[in-house]
Amino acid sequence: MLRSLLVTACMLSIALTLPIDVAGQTGPADSNITVRVSTVLTTLGPVHGACNESTCRWLNIPFSEPYARFKQSTPRTSSYGAGVGSGTQYGPACHQFLSPALLASAGIDVGQQSEDCLNLNVFAPANASSETPLPVMVFVYGGGFLEGSSGQSAGKIPGKGHGLTYDGSRLASHGVLVVVIQYRLGIFGFLQQPDGTGGANGIGDQITALQWVNQHVSSFGGDEHAVTIFGESAGSVSVSLLSHLPRARGLFQRVIPESGVCYDSGDVLMNATEAKQARDLLLRKTGLTQQELLTMGAWELSNITMRTFDPKAEFTPLFVSGVGQPSVDADIYPDVATQLPPLPVDLLHGFNSGEVNMRPKDGIPNGALSFFTKHLGGAAQAILAQYGAQPRDVDLIADACLRCQSVRYAQRVAARPGSQVYMYVYDNPHGASVHGAELPAVFGTAEEVSLEGTILKTSEMLVQRTQRIWTDFAKGRNLSEAGPEWPRIQADIHGSVNAMLMGTAKETRVVEIPNAQCAAWEAAEAAVGGLATARMCNSLMM
């Protein structure tokens, strides 16, 4: 009864004209799109937003109590007072740890930045009602845990619109409620403190947001018992990690990690010892004290960190230093993920075709045996022997840095009784789908963008197909009915697993992902640790 009252009796609407466009960015004053202001009454107080004929959105909703620097966030319990939220303005981004020049060169605009940045956005069909609550999809952005925001625009091509955004309106039109969250980045989200805490606070922010969803999404017409978390790149690593964490149990039922996993790979995830080394490196190279870390202005602290590690506005030096990357903290993140059992969830996981076709221009430096022996020791020779006389560089790199980890994760989840697990390979353009290429299809906000130096075009057919698959999964439907016998992943299959190839062709088809050599890679990489593995992979893939 309370749920019904909160939605049907407490959504107030007033018709007026606002400068807002369908992509989610504040538009020109003469755009003349008629919308109505929508105020939802939650148990914390009113949340203001706006609706047009098809969708509603409520932006910049605080989900955390105020928090001190380097401390964990906690779910919001204090009143919203006269109200929070907006129908037109995103909240401030968390402080970024990429230089403005590098962000601009990638066509990325995150807007204003602040330490007070734990806010989220909600998108829903205009006819959403508590009488028929909708499945909820919660998105976690990527950016190497150094960059990203819920309101950013990326990949903008001059004269071609606003670029890729995380406006969930089009995705919501398929009968789901979309939530896009923010979390602290870099040293503000992931710097280990002298007492061993702090290394996973940004992941804790994501859990705090999911707790807000669990408590309040019903006020917007969402079903808190049917939550799917999805994310790309560092967001993919995040949601896969959340699917192992005891503190996240019960907050979601399904997971869609897009290009990234929380096992030893090209992404930096550290144990507590590695995190201490990264902290010591920061203090040694910057000359800062703990007291200065606590009291220095946020802009000054972030700029010092960037200047110290990225003197030429490059992403890689700071990324592979481990400074500002997630680590085991014995609380939020109690142990490396391979030592934690996955939660009982359904999984749709995959990567892009170009991500497993990467190699340095001149091949693996000094030859594969020399290179991998340098990073993995004596295990390298036995691993390479499994590939025959002339292994392809792209196969070695894919298995070492992405493919094997993805398959292992899928099979570990599949081992949980009742879990439905599927894999995909996104393939637009064919054979060369770059990192992040699936996002324009998932959100449907950019027909043409520039990603990793590639002009990417995404057809409306591919948008509709991708959004249908993502939302069908979120609704708990059997994906084996969505394509030609899309196979479920089994826990005990060796040699290869089957995935769905999603590309520009009118029909999807099943492809094989080899995993015969994966056990050897996993053992060797576990022996050297996540930071060393990430450094190895980034020297091959960046």
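Each value in this text was obtained by applying a stated rule to the coordinates, not by laboratory testing. All figures in this text were calculated on a predicted structure; none of them were measured in a lab. For neighbour counting, all protein chains shown are included, and Cβ atoms are generated from backbone atoms with ideal geometry for every residue, glycine included.
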Seminar exercise, completed: Classified through the alpha carbon gyration tensor (a ≥ b ≥ c as square roots of its eigenvalues; rounded if a/c is under 1.5, else prolate when a/b is larger than b/c, else oblate), region 215-313 comes out prolate
Exercise. With a Cα-only, solvent-free Debye model of region 315-434, what are the log10 I(q)/I(0) values at q = 0.15, 0.20 Å⁻¹?
Worked result: -0.99, -1.30
Exercise. Using alpha carbons only, what's the Rg to Rh ratio of region 403-516 with Rh from Kirkwood?
Worked result: 0.98
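Write down, largest first, the equivalent ellipsoid semi-axes of region 366-453 in whole Å, where each equals the square root of 5 times an eigenvalue of the alpha-carbon gyration tensor.
Numbers: eigenvalues 188, 94, 22 Å².
Values for region 366-453, descending: 31, 22, 10 Å.
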Problem set entry | Given 10 as the ceiling on other Cβ atoms within 10 Å, longest exposed-site-free region of the chain for GluC sites (Glu not before Pro) in DSSP loops | 132-484
Seminar exercise, completed: PRE zone check, label point 7 Å out along Cα-to-Cβ of Glu448, amide N under 13 Å, scope region 153-179, hits 156-163
Seminar exercise, completed: Here Rg/Rh (Cα, Kirkwood) for region 289-370 equals 1.09
Exercise. In region 313-408, which trypsin sites (Lys or Arg not before Pro) fall in coil by DSSP and have 11 or fewer other Cβ atoms within 10 Å?
Worked result: Lys361
For this session: Could you work out how far apart the two model spin labels at Lys475 and Ala505 are, taking each label as a point 7 Å from the Cα in the direction of the beta carbon, and quote it in nm?
Result: 2.6 nm
Exercise. Over the alpha carbons of the chain, what is the largest minus smallest coordinate on each principal axis, giving the biggest first in Å?
Worked result: 71, 60, 48
Exercise. Which value in Å does the Kirkwood hydrodynamic radius of region 439-496 take, with 1/r averaged over all unlike C-alpha pairs and then inverted?
Worked result: 13.5 Å
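May I ask you to derive the relative contact order of the chain, considering only C-alpha pairs under 8 Å and at least 6 residues apart, and to give it as an integer percent? Could the numbers behind the result be given before it?
On the way: 1268 pairs, mean separation 76.8, N = 542.
Rounded, it is 14 percent for the chain.
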For this session: Could you count how many Lys pairs in region 2-541 have their Cα atoms under 21 Å apart, skipping same-chain pairs fewer than 8 positions apart?
Result: 7
Exercise. Applying the Karplus parametrisation 6.51 cos²θ - 1.76 cosθ + 1.60 with θ = phi - 60° to the phi angles of region 512-517, what ³J(HN,Hα) value in whole Hz is obtained for each residue in order, glycine and proline being reported as x?
Worked result: 9, 10, x, 9, 5, 9
